[in-house]
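Note sheet for the following structure.
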Amino acid sequence: MTSVEHCGAILTIDLDAIAANYRLLRGRLAGAACAAVVKADAYGLGMEHVAPALSRAGCETFFVAHIDEGIQLRRLLPDAGIHVFNGLHAGCEPVFAEHRLVPVLNSLGDIEAWARFCGRAGASPVPPADIHLDTGMTRLGLPPEEVDVLAGEPDRLGPIDVAYVLSHLACADEPGHELNRRQVDAFRKARGALAPRPASLANSSGIFLGPDYHFDLARPGAALYGVAPVPGEPNPMAQVVRLQGKILQVRDVDTPQTVGYGATHRIARRGRMATVAVGYADGYLRSSSNSGGANFGDIRVPVVGRVSMDLITLDVSDLPHRMARPGDLVDLIGPHNPLDRLAADAGTIGYEILTSLGSRYHRVYKGGGA
Ligand SMILES: *Cc1c(COP(=O)(O)O)cnc(C)c1O
């Protein structure tokens, strides 16, 4: 990590805001427990800081995507429940047992392999497993025809200790989408056909679809990190991330100059341009070219020209001279320029902005109760 003097930008991650978001989400669940999804290095924010902060906020169950993420998390949280979405890979069963990771079983083949492993384990302890039913995502999980087979032949589960039956919503961020209702109905039906077991369906947005979607355990990720769970409505989540870019140079410009690669921005009048030390190599997406914005306090200035690998250019013509000088910091994500706005300007979602945040930033962690 670079020092604050040498860095091109400072990324501040507010662990107290993550803890507050966890408590807010948990408070919306009547009865259900609340897990936390910390895959992809806690959505780019640093699992090693984020997971212990969530644990201190009372979270006991975590989900990751990959086995290796689970192994990393186990070192941080010796007692937590750790579930691995992507499930088994051939021959990896002993790794799950060694690190006490809960595999999410995504097919009848996975179920067969895990049941065989449990059978062979004898007296040595084997973790429980989750059963993932695909109710409309068509990605991972038992497809409907495999759910039918399992419902007719429940002995296929053999000695498996099932922790949760789970499924995942495709359109939870569109409350009016008819697929939500169809998925929850399919989930209830499939669950009813298996022996009664704890169930989990809702991601962040799913929590806001209401109690019908809560079941026994919710699995939020994005909302913990400040992404708005219901797009288009006021965001109830605390902002977690601030990204402050450093100005390297400020220059006077006039027509007919152009800015950046491809000369895509033409200077129309006398003004000033500020060059900031952040680019697409840092996860400031190239699709923000000529569409993004940055903030000096509550004053917004546009990104002009193309985003290049290490630099962006801001039109600061309308600012007083004292406000944009070399060495000054400008909010690329901040109180007046939230994550979701940056994402919308880049034509993407907050999830992609977070998980793209670069390794060249100077990172500062605030709070966390450590
Ligand atoms: C990533 C993921 C989640 C968390 O989703 P968010 O939208 O970030 O809350 C929950 N469940 C599954 C299966 C996932 O892959």
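Per-residue answers, yes or no, for (1) surrounded by 19 or more Cβ atoms within 10 Å (Cβ to Cβ); (2) part of a loop (DSSP other than H, G, I, E, B); (3) modelled with pLDDT of 95 or more:
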{"position": "ARG322", "(1), (2), (3)": "no, no, no"}
{"position": "ARG325", "(1), (2), (3)": "no, yes, yes"}
{"position": "LEU332", "(1), (2), (3)": "yes, no, yes"}
{"position": "ALA343", "(1), (2), (3)": "yes, no, yes"}
{"position": "GLU352", "(1), (2), (3)": "no, no, yes"}
{"position": "THR355", "(1), (2), (3)": "no, no, yes"}
{"position": "ALA370", "(1), (2), (3)": "no, yes, no"}
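Screening the candidates GLY141, GLY206, GLY210 for the property of being more than 12 Å from the ligand (Cβ to nearest atom), of a type outside the set (Asp, Glu) and without any contact (Cβ under 8 Å) to a residue 40 or more places away in the chain yields one hit, GLY210. GLY347 passes every criterion in (1) over 19 Å from the mean Cα position of the chain (by Cα); (2) closer than 25 Å to SER205 by Cβ apart from (1). For segment 254-264, residues that are in contact with a strand residue (DSSP E or B) (Cβ under 8 Å, 6 or more places away or on another chain), touching a residue at least 40 places away in the same chain (Cβ under 8 Å) and more than 24 Å from ILE353 (Cα to Cα) total 2.
Yes or no: segment 110-126 includes at least one residue that is more than 12 Å from the ligand (Cβ to nearest atom), touching a residue at least 60 places away in the same chain (Cβ under 8 Å) and crowded, with 17+ Cβ neighbours inside 10 Å.
No; the residues of segment 110-126 include none that is more than 12 Å from the ligand (Cβ to nearest atom), touching a residue at least 60 places away in the same chain (Cβ under 8 Å) and crowded, with 17+ Cβ neighbours inside 10 Å.
Only a single item in (1) open to solvent by less than 30 Å² (accessible area, probe 1.4 Å); (2) within 15 Å of PHE215 (Cβ to Cβ); (3) within 16 Å of the ligand (Cβ to nearest atom) is not met by ALA129, and it is number (2). Report yes if some residue within segment 203-216 is open to solvent by 40 Å² or more (accessible area, probe 1.4 Å), touching a Ser or Thr at 6+ places or on another chain (Cβ under 9 Å) and either under 26 Å from PRO128 (Cβ atoms) or among the basic types (Lys, Arg) (or both); otherwise report no. Looking through segment 203-216, at least one residue is open to solvent by 40 Å² or more (accessible area, probe 1.4 Å), touching a Ser or Thr at 6+ places or on another chain (Cβ under 9 Å) and either under 26 Å from PRO128 (Cβ atoms) or among the basic types (Lys, Arg) (or both). Can you find a residue that is more than 13 Å from the ligand (Cβ to nearest atom), aliphatic (A, V, I, L, M) and out of contact with any strand residue (DSSP E or B) (no Cβ under 9 Å at 6 or more places or on another chain) anywhere in segment 190-203? Yes: one or more hits. Residues in segment 166-185 that are open to solvent by 40 Å² or more (accessible area, probe 1.4 Å) and either over 17 Å from the mean Cα position of the chain (by Cα) or of a type in the set (Val, Ile, Thr) (or both): GLU174, PRO175, GLY176, HIS177, GLU178, ARG181, ARG182, ASP185. For segment 114-145, give me each residue that is in contact with a Gly (Cβ under 9 Å, 6 or more places away or on another chain) and either of a type in the set (Phe, Trp, Tyr) or over 12 Å from ASP161 (Cβ atoms) (or both). Selection gives TRP114, ARG116, GLY119, HIS132, LEU133, ASP134, THR135, LEU140. For segment 144-168, taking the residues that are touching a residue at least 40 places away in the same chain (Cβ under 8 Å) and under 25 Å from PHE62 (Cα atoms), the one that is nearest to the ligand (Cβ to nearest atom) is identified as LEU166. PRO103: within 16 Å of the ligand (Cβ to nearest atom) and free of Cβ contacts under 8 Å to residues at least 40 places away in the same chain, yes or no? The answer is yes for PRO103.
Let's see how each residue does on (1) under 19 Å from the mean Cα position of the chain (by Cα); (2) small (Gly, Ala, Ser):
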{"residue": "THR2", "(1), (2)": "no, no"}
{"residue": "GLY8", "(1), (2)": "no, yes"}
{"residue": "ALA33", "(1), (2)": "no, yes"}
{"residue": "ALA36", "(1), (2)": "yes, yes"}
{"residue": "GLY44", "(1), (2)": "yes, yes"}
{"residue": "MET47", "(1), (2)": "yes, no"}
{"residue": "PRO52", "(1), (2)": "yes, no"}
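Of the listed requirements (1) farther than 20 Å from HIS336 by Cβ; (2) among the small types (Gly, Ala, Ser); (3) more than 27 Å from the chain's Cα centre (by Cα), ALA274 misses just one: (1).
Remark: LEU248 falls outside the filter, which requires a residue to be within 14 Å of the ligand (Cβ to nearest atom) and in contact (Cβ under 8 Å) with a residue 60 or more places away in the chain. So, ASN295, is that one among the polar types (S, T, N, Q) and either within 16 Å of the ligand (Cβ to nearest atom) or out of contact with any strand residue (DSSP E or B) (no Cβ under 9 Å at 6 or more places or on another chain) (or both) or not? When the stated conditions are applied, ASN295 does not pass them.
The values are calculated or read from the model by the stated rules, or taken from the named source; none is laboratory data. Keep in mind that this is a model prediction, so the values were computed, not measured. Neighbour counts are summed over all protein chains in view; Cβ atoms, including those assigned to glycine, are modelled from backbone coordinates with ideal geometry. Remember, those area values only see protein heavy atoms, side chains included, never the ligands or the DNA or RNA. Shrake-Rupley method; radii C 1.70, N 1.55, O 1.52, S 1.80 Å.
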